[in-house]
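Peer 1: Mind having a look at this structure? Questions to follow.
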Amino acid sequence: KPYTILKSRTRSGRLEQGMNKYMTEEQLQRNVVGSARELGWIVHFNWRSFHSPKGWPDLVLAKPPRLIFAELKGPKGKLRPDQEMWRDVLRDCGQEWHLWRPDDLDDIYKLLMGEESDGQNTDNGVSR
């Protein structure tokens, strides 16, 4: 089953135990980046965000004709005002922007595969 690439891995590559609700933002990013790359997406993220504009999305994923901006949060994380500003600006420019949490992994994988998700993501707004 292709979902195995979404399992949480430690820095050494070992699979971690636990459910998505315990996954950190860092673990979520490793899962999304690894899955996207395996599926042919080009992925950009900043190693050290203090050199980036405040609020800039955590990930930019490209696989023509799609370009996705994604903000990653843990199970209870909230958007800061600067992140909301970037969300609004990117959407107003017609860009696809998503807020992804560990519980969204199935929908994220479907999106990366080019399938439709069930729309459970709480802030999955897209302007095209």
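The values are calculated or read from the model by the stated rules, or taken from the named source; none is laboratory data. Because the structure is a prediction, the values reported are computed rather than measured. Cβ sites come from the backbone with ideal geometry, for glycine too, and all protein chains shown count toward neighbours. These area figures cover heavy atoms from the full protein model, side chains too; ligands, DNA and RNA do not enter into them. Shrake-Rupley method; radii C 1.70, N 1.55, O 1.52, S 1.80 Å.
Peer 1: Among the residues of region 48-56, is any basic (K, R), on the phi < 0 side of the Ramachandran plot and loosely packed, with under 15 Cβ neighbours inside 10 Å? Outline the logic, then answer.
Peer 2: Of all residues in region 48-56, those basic (K, R) come to 48, 54.
With on the phi < 0 side of the Ramachandran plot added as a condition, the list becomes 48, 54.
In the following step, the residues that additionally are loosely packed, with under 15 Cβ neighbours inside 10 Å were identified as 48, 54.
Yes, region 48-56 has at least one match.
Peer 1: When region 57-73 is examined, which residues are found to be surrounded by fewer than 16 Cβ atoms within 10 Å (Cβ to Cβ) and either within 16 Å of E25 (Cβ to Cβ) or of a type in the set (A, V, I, L, M) (or both)?
Peer 2: In the first step, residues of region 57-73 are kept if they are surrounded by fewer than 16 Cβ atoms within 10 Å (Cβ to Cβ); the result is 62-67.
The answer is A62, L67.
Peer 1: Among the strands (runs of 3 or more DSSP E) contained in region 19-89, which hold 2 or more residues that are out of contact with any helix residue (DSSP H, G or I) (no Cβ under 7 Å at 6 or more places or on another chain), at pLDDT 95 or above and of a type outside the set (V, I, T)?
Peer 2: The strands (runs of 3 or more DSSP E) meeting that bar are 59-63, 66-72.
Peer 1: Spot the failing condition for D104; the list is (1) assigned to a helix (DSSP H, G or I); (2) modelled with pLDDT under 95; (3) open to solvent by 30 Å² or more (accessible area, probe 1.4 Å), and only one is missed.
Peer 2: Of (1) assigned to a helix (DSSP H, G or I); (2) modelled with pLDDT under 95; (3) open to solvent by 30 Å² or more (accessible area, probe 1.4 Å), only one is false for D104: (3).
Peer 1: Kindly evaluate G94 against the criterion of being modelled with pLDDT of 95 or more, part of a loop (DSSP other than H, G, I, E, B) and surrounded by fewer than 13 Cβ atoms within 10 Å (Cβ to Cβ).
Peer 2: Details: modelled with pLDDT of 95 or more: yes; part of a loop (DSSP other than H, G, I, E, B): yes; surrounded by fewer than 13 Cβ atoms within 10 Å (Cβ to Cβ): yes.
It is true that G94 is modelled with pLDDT of 95 or more, part of a loop (DSSP other than H, G, I, E, B) and surrounded by fewer than 13 Cβ atoms within 10 Å (Cβ to Cβ).
Peer 1: Looking at region 93-108, I want the residues that are over 15 Å from Q29 (Cβ atoms) and free of Cβ contacts under 8 Å to residues at least 40 places away in the same chain and have a partner that is assigned to a loop (DSSP other than H, G, I, E, B) and among the β-branched types (V, I, T) with Cβ atoms under 8 Å, at least 6 apart or on another chain. Which pairs are those?
Peer 2: Nothing qualifies.
Peer 1: Looking only at residues in region 1-18 that are hydroxyl-bearing (S, T, Y) and open to solvent by 40 Å² or more (accessible area, probe 1.4 Å), which one is modelled with the lowest pLDDT? It would help to see each step written out before you state the result.
Peer 2: Here is the first cut: in region 1-18, the residues hydroxyl-bearing (S, T, Y) are 3-4, 8, 10, 12.
From the residues that got through so far, the ones that are open to solvent by 40 Å² or more (accessible area, probe 1.4 Å) too are 3-4, 12.
Details: Y3: 36, T4: 40, S12: 47.
Only one residue fits best here, namely Y3.
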